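Report on the following structure.
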Amino acid sequence: MAEAKIPVDLILSKLAGDAEKAPERIQKAKDVLLSELDTAIATTPYEVVYQEDRVKLKHYYPVLPKNKLMKTPLLVVYALINRETMLDLQPGRSIVQNFLNDGIDLYMIDWGYPTRKDKFLTIDDHVNGYMDNIVDFIRRKHNLPKINLMGICMGGAFSVMYSALHPEKIQNLVTTVTPTNFDTDQGLLHIWMKNVDADRMVKTYGNMPGDLMNLGFLLLNPARLMIDKYVGFLENVDNKNFVENFVRMEKWIFDSPDVPGETFRQFIQDCYQKNLLIQSKMELGGRRVDLKKITMPLINFYGQYDHLVPPAACELLTSKVGSKDTQDICLKTGHIGIYVSSKFQKEFAPKIANWLKEREPVKPKRGVKKTSSRKKPAKKKVAKSGSVPASPQP
Amino acid sequence: MNEKKTETFDPKPLLEAWLKTATNFWGPVLETWSATSGTPETSLNQAESRTMKNLDSALKSWKVLSSVMSEPEAGKSILEGIQTLPEIVLKMTQTGWDGYLKLQQQWYERLLGIGQSTEAYRFDNLDQDAVNVWREIYEKEFQRLLHMPQLGLTRLYQERANTTLDNFTLFQAAIAEFLQLLFLPMEKSIQVIQEKVAEMADEGQLPENPKVYYQMWIKILEGHYMTLLKSPEYTTKMDTTLGAFDNFIASKNEILQDFLQTLPVPTDKDMDELYQEIYLLKKRMREHEKTHEVETSRQEPQS
């Protein structure tokens, strides 16, 4: 029988070495944790220019002079799950900052924290109610017939629905990690939601509790999200920068508002279970959401390693809309890596800004015959991120 | 001595002796008490004489009862009723004991399974029996008691209390099964990493850095979870657990509603009705506003 060649002595000496460094690290960690930590999120200044019930409209103060700003403002619609503060996590990792630096006149919806009285609000109330009123407000304020619209995740689904129902009000549409096709088994959520009894849950809870949804998201990958993440934290707990970034992310990820009951019910039944949206069969307030009515330019971002909204849930959209100017961009990252990864900060926001600038309506000069401002519609492109370097999953 | 031990205990003489003693004691006491109350009736004495009349009637009822009970047939039927009580208790204890023995058998079988090699990333032969046995025992033996129809003025509240208790038990069972299922990848990954380390040791390729072992284990664990979380067994178990939780919350809320209704505070049900009315009113108002805006904008150019 061969002798087991376990280098016990080497393993033990390594452990001993680590043990020697441990007191110093523990002291450093203590200093870090007990010191003043800068963990504030969403620090880019804005003002609330419109409010309806719990919903607020934030307008970020431009950082560029007025003549350098894009004429058409951009309205960003986040999901009802978690908070839009993720887009402005910290200086240096802020999509909001990047948009402002690129000359975008930026508005963002803050969906607030639904209470029991909001349990009757449907998707129709959010899309044709709050969103429509906000779009009209921005149009009136800027004296423009159309604005740019960008949606994230469930907010992207809302933006798609809105654009199909009100195409005359939207100049360009940007969708990011937006689920539109739910008939796939690529993601765990898509498998799990098929069996969920939404009626029973709404009857029991009223609004869908944010904490319960958070628990569900953690169960998507318990090994990484409940064990490895905190092991990583302990390994770097003596690094102030790391701790601050970690705490910011923790603040955001566990800041989960409840989802209004009727909205939750319809999203699960009509989208996850019946997959009506991609089939243009979904109805809001008696009106059918016909994707062919989306005739404005569309750019669609999604993450190759997104375990919440897999590529199969996103990539069909551009083939179902009526627009001829569409583009798919698949980035080598996960669901929120697009927004929080420092690598993609340099790629994502400037790409959107440039895409919007190319499609900015040009005001005709005096004495010059008005020509069509539209560029020749680009052919449908699918960028498989050949030029974008691979990024580890967040 | 041995013959005495084999004789069965007959409680009948004891019962008769008790009846006789009680009658002999209470009878003269009550008669003496009633005899001393020969004073003329006044308003104060009226209350006292009512008390004496009640005592008299109680004494008479007792005499009748004791004479009935002293008859052999009545005494026999009472004794038989009393003797069935231990049988009921015995049966319940036996059921509980059988259930415990079943559980113990399952544990022993699991213990015997330790040390057998395991196939990575496979969850066949899940030890369902062990986790389900408590729920089966409960559903077979105890749940029926909680589903018995209730009687009386407070029957509705009693039924709700029983339903809540039933749902709570079912939820506890479901969450225990769910957590046990969630823990399976942990067990399997530890077994797999042990086998892997043994293989690497045989090949002489063991890394020195302990962190490498952790990285290997976490990757194996992640893989196991990915396999489990996609499986129909997990999805079904998750749905069952969610359903059990929802049922428990719903029944608990019903009881709380009943309790809140005794206090001067609005319940969730009251507030929901109000919220719905407000929601519908606001919706109608907004529709009217929009219609009015459109009509106003049409009329403006004319004026």
| message | Checking the structure you have, find out if any residue of the stretch A:157-167 is more than 10 Å from every other protein chain (Cβ to nearest Cβ) and over 30 Å from A:Thr326 (Cα atoms). | response | no
| remark: By residue number, the members of the stretch A:172-224 that are closer than 21 Å to A:Ala312 by Cα and in contact with a strand residue (DSSP E or B) (Cβ under 7 Å, 6 or more places away or on another chain) are A:Leu173, A:Val174, A:Thr175, A:Thr176, A:Val177, A:Thr178
| task | For the stretch A:252-262, state whether one or more residues are part of a helix (DSSP H, G or I), surrounded by 18 or more Cβ atoms within 10 Å (Cβ to Cβ), within 13 Å of another protein chain (Cβ to nearest Cβ) and at pLDDT 95 or above. | result | yes
| task | Return a yes/no flag: does the stretch B:90-107 have any residue that is out of contact with any helix residue (DSSP H, G or I) (no Cβ under 6 Å at 6 or more places or on another chain), surrounded by fewer than 10 Cβ atoms within 10 Å (Cβ to Cβ), assigned to a helix (DSSP H, G or I) and at pLDDT below 75. | result | no
| said: Under 6 Å between Cβ atoms, which residue pairs at least 6 apart in sequence (or on different chains) link something in the stretch A:269-292 that is open to solvent by less than 70 Å² (accessible area, probe 1.4 Å) with a partner that is of a type in the set (Phe, Trp, Tyr)? | reply: A:Cys271/A:Phe182; A:Tyr272/A:Phe182; A:Asn275/A:Phe182
| Qualifying residue in the stretch A:361-371 (condition: modelled with pLDDT of 55 or more, β-branched (Val, Ile, Thr) and exposed (fewer than 12 other Cβ atoms within 10 Å of the Cβ)) | yes
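So that you can scan it fast, the table gives a plain yes or no per residue for (1) in contact (Cβ under 8 Å) with a residue 24 or more places away in the chain; (2) within 14 Å of another protein chain (Cβ to nearest Cβ):
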{"position": "A:Lys56", "(1), (2)": "yes, no"}
{"position": "A:Asn67", "(1), (2)": "no, no"}
{"position": "A:Arg83", "(1), (2)": "yes, no"}
{"position": "A:Phe99", "(1), (2)": "yes, no"}
{"position": "A:Asp102", "(1), (2)": "yes, no"}
{"position": "A:Asp105", "(1), (2)": "yes, no"}
{"position": "A:Lys117", "(1), (2)": "no, yes"}
| message | Can you say whether A:Gly261 is in contact with a Gly (Cβ under 8 Å, 6 or more places away or on another chain) and not charged (D, E, K, R), as far as the supplied structure shows? | response | yes
| task | For the stretch A:297-314, name all the residues that are in a loop (DSSP other than H, G, I, E, B) and open to solvent by less than 10 Å² (accessible area, probe 1.4 Å). | result | A:Pro297, A:Asp306, A:Val309, A:Pro310
| note | Taking the stretch A:180-202 and keeping residues buried (at least 17 other Cβ atoms within 10 Å of the Cβ) and either basic (Lys, Arg) or in a helix (DSSP H, G or I) (or both) leaves A:Leu188, A:Leu189, A:His190, A:Ile191, A:Trp192, A:Met193, A:Ala198, A:Met201, A:Val202
| task | Inspect the stretch B:228-249 for any residue being more than 8 Å from chain A (Cβ to nearest Cβ), in contact (Cβ under 8 Å) with a residue 24 or more places away in the chain and surrounded by fewer than 16 Cβ atoms within 10 Å (Cβ to Cβ) and give the result as yes or no. | result | yes
| note | Within the stretch B:274-295, of all residues that are at pLDDT 90 or above and either outside any helix (DSSP H, G or I) or away from chain A (no Cβ under 11 Å) (or both), the one farthest from the chain's Cα centre (by Cα) is B:Glu295
| task | For the stretch A:203-212, enumerate the residues that are within 10 Å of chain B (Cβ to nearest Cβ) and assigned to a helix (DSSP H, G or I). | result | A:Lys203, A:Thr204, A:Tyr205, A:Leu212
| request: Answer yes if at least one residue in the stretch A:58-65 is surrounded by 15 or more Cβ atoms within 10 Å (Cβ to Cβ), away from every other protein chain (no Cβ under 14 Å), within 30 Å of A:Ser341 (Cα to Cα) and in contact (Cβ under 8 Å) with a residue 60 or more places away in the chain, and no otherwise. | output: no
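The values are calculated or read from the model by the stated rules, or taken from the named source; none is laboratory data. These numbers come from a predicted model, not from an experiment. So basically every Cβ, Gly included, is an ideal-geometry build from the backbone, and we count neighbours across all protein chains shown. Only protein heavy atoms, including side chains, enter the accessible area calculation; ligands, DNA and RNA are left aside. Shrake-Rupley method; radii C 1.70, N 1.55, O 1.52, S 1.80 Å.
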